[in-house]
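Peer 1: Provided herewith is a single structure, encoded as structure tokens, for subsequent inquiry.
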Amino acid sequence: MKNLSLLIVPMMLTVLGCSRSTEENRSERDILVSVGDSVLFQDEVERKIPGGISADDSLAMFHEIVDSWIETRVLENVARENVVDMERINRLTENYRNRLIVDEYLRKMGDNAPAEIDKKEVAAYYTQYGDSMLLEQPLVKGIYLRIPSTDKEISNIRKWITSAAEEDIDRLEKKGIHDATGYEYFADRWVEWSDIAGQIPYKVEDADLFVKENKIFETSHGGYSYFLHILDFVPSGSKMPQEYAFAYVADILADRRKGEYRKNLKRSIYRNAIKEGKLKKGSYDPMESIR
């Protein structure tokens with residue numbers, strides 16, 4: 001392997017400065033290494049190396065790809081010669097392949113399940129199970145803005161965000177945010193605190209305490225000013241508000257519907273297989289296995 005590495009280094013340096021080989025132009029000089037009937041070509045390795053990385057990283061990745069290819073082929077041949085129960089290996093491989101095919105089929109067929117979830121169904125589920133739907137982090141409603149600290153309207157922006165009155169929000173959106181690099185108005189919907197906190201360069205140790213004590217928050221970093229007005233919040237550990245829980249519940253019901261669709265599909269396929277004599281009951285009823 002060491003000798004191979006010595007051969008590859010100068011070759012790789014040449015590769016990095018040359019255009020990639022095409023399939024038609026491949027020749028013996030493009031072969032990096034071969035194991036039995038398997039051949040690794042230079043352009044196959046090149047295609048796996050992303051652009052925009054340093055020459056050292058490219059070279060390291062080149063070695064890794066080639067060495068991995070050699071190891072797999074060489075050890076595979078050794079393993080084939082020394083593993084006694086190749087029938088078991090082949091059987092496991094075939095079973096795994098078949099399972100992948102079945103899972104992919106069921107996944108695609110499950111995507112055909114009706115996606116529309118009725119609001120009454122969501123409301124009923126929330127009424128029944130809502131007390132167990134507890135928040136893992138605070139939810140907030142409010143206004144967020146990121147703007148250059150040199151913006152000429154910054155004093156007005158500060159006043160408008162603090163006010164949050166309808167006419168001031170109109171002023172903010174029509175005039176004050178022309179140079180904003182980040183703006184979000186979420187006074188009309190619940191947003192997870194982490195979605196907002198990730199946009200502010202300020203370390204918060206206790207999210208619940210922060211949203212409780214900082215109705216108006218402003219900080220500066222790297223030439224930008226960050227403004228946050230928290231209009232309302234729900235602390236972590238609280239029951240999810242119904243309007244926030246709607247999407248969460250809808251996902252649960254959609255997954256449940258897909259699961260039922262899959263079961264019905266399997267029942268139908270099993271039933272047809274039994275009818276056609278392809279699937280036969282013994283001491284075990286295959287229809288009972290679909291739960």
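Peer 1: Quick one: angle between helix 119-129 and the longest Cα principal axis of the chain, in degrees between 0 and 90, rounded to 10, please.
Peer 2: Around 90 degrees separate the two axes.
Peer 1: State the extension gain, in nm to one decimal, for the chain segment bounded by residue 136 and residue 109, taking 0.36 nm per residue of separation less the distance between their alpha-carbons. Walk me through the numbers on the way to the answer.
Peer 2: Working: separation 27, 0.36 × 27 = 9.72 nm, distance 3.36 nm.
Result for the pair: 6.4 nm of gain on full extension.
Peer 1: Charges at C-beta only: +1 for Lys and Arg, -1 for Asp and Glu. How large is the resulting dipole of segment 135-234 about its Cα centre, in Debye rounded to 20?
Peer 2: Working: 12 positive and 19 negative charges, 73 e Å.
Rounded to the nearest 20 debye, it is 360 debye.
Peer 1: Also: Relative to the present Cα-Cα distance, how much length would full extension add between residue 192 and residue 91 at 0.36 nm per residue of separation? Intermediate results must be reported in sequence, preceding the final value.
Peer 2: On the way: separation 101, 0.36 × 101 = 36.36 nm, distance 4.82 nm.
Taking residue 192 through residue 91 to full extension adds about 31.5 nm, to one decimal.
Peer 1: Right, here's the next one. Could you work out how far helix 154-163 tilts from the main Cα principal axis of the chain, as a 0 to 90 degree angle to the nearest 10?
Peer 2: 80
Peer 1: If I build a Gaussian network model for the chain, linking alpha-carbon pairs within less than 10 angstrom, which residue out of 166, 276, 64 has the largest mean-square fluctuation?
Peer 2: Result for the chain, Cα springs under 10 Å: 64 fluctuates most.
Peer 1: What's the FRET efficiency of residue 290 with residue 128 using the Cβ-Cβ distance as r and R₀ = 41 Å, to the nearest 0.05?
Peer 2: 0.95
Peer 1: Taking square-rooted eigenvalues a ≥ b ≥ c of the alpha carbon gyration tensor, is the chain rounded, prolate or oblate, where a/c under 1.5 means rounded and, failing that, a/b exceeding b/c means prolate? Don't jump to the answer; show the numbers that get you there.
Peer 2: Numbers: a/c = 3.17, a/b = 1.31, b/c = 2.42.
In terms of gyration-tensor shape, oblate.
Peer 1: Another question, then. Based on the alpha-carbon gyration tensor of segment 45-198 and its eigenvalue square roots a ≥ b ≥ c, which shape applies: rounded if a/c is under 1.5, prolate if not and a/b is larger than b/c, or oblate? Walk me through the intermediate numbers first.
Peer 2: Working: a/c = 4.03, a/b = 1.68, b/c = 2.40.
Oblate shape, in that a/c is at least 1.5 and b/c is the bigger or equal ratio.
Peer 1: Taking 24 Å as the cut-off for C-alpha to C-alpha distance, list the pairs among 48/108; 141/175; 258/281; 175/212 that go past it.
Peer 2: Details: 48/108 30 Å; 141/175 22 Å; 258/281 27 Å; 175/212 30 Å.
Cα-Cα > 24 Å for 48/108; 258/281; 175/212; rest within.
Peer 1: Another question, if that's okay. Return one number: the angle in degrees, 0 to 90 and rounded to the nearest 10, between the long axis of the Cα atoms of helix 86-110 and the longest principal axis of the Cα atoms of the chain.
Peer 2: Rounded to the nearest ten degrees, it is 30.
Peer 1: Could you give each residue of segment 263-268 its phi-based ³J(HN,Hα) in whole Hz, using Karplus coefficients 6.51, -1.76, 1.60 with θ = phi - 60°, and x for Gly or Pro?
Peer 2: Values, residue by residue: 4, 5, 5, 4, 4, 5 Hz.
Peer 1: Something else about it: Cβ neighbours within 10 Å, averaged per peptide: list 28-38, 246-256, 131-141 in order, most packed at the top. Display every interim value, and only then the final one.
Peer 2: Working: 28-38: 12.5, 246-256: 14.8, 131-141: 16.4.
So the peptides 28-38, 246-256, 131-141, ranked by packing, come out 131-141, 246-256, 28-38.
Peer 1: Within a Cβ distance under 14 Å of residue 138, other residues only, what is the Lys/Arg minus Asp/Glu net charge?
Peer 2: In short, -4.
Peer 1: Going by a ≥ b ≥ c, the root eigenvalues of the Cα gyration tensor, does segment 149-291 fall in the rounded group (a/c under 1.5), the prolate group (a/b larger than b/c) or the oblate group? Before the final figure, lay out the partial values.
Peer 2: Numbers: a/c = 3.95, a/b = 3.32, b/c = 1.19.
It is prolate, given that a/c is not under 1.5 and a/b is the larger ratio.
FYI, it's all coordinate maths here, none of it is from the lab. The shown structure was predicted, so the numbers you read here are calculated from the model rather than taken from an experiment. Methodologically, a virtual Cβ is constructed for each residue, glycine included, from the backbone with ideal geometry; neighbour enumeration extends over all protein chains shown.
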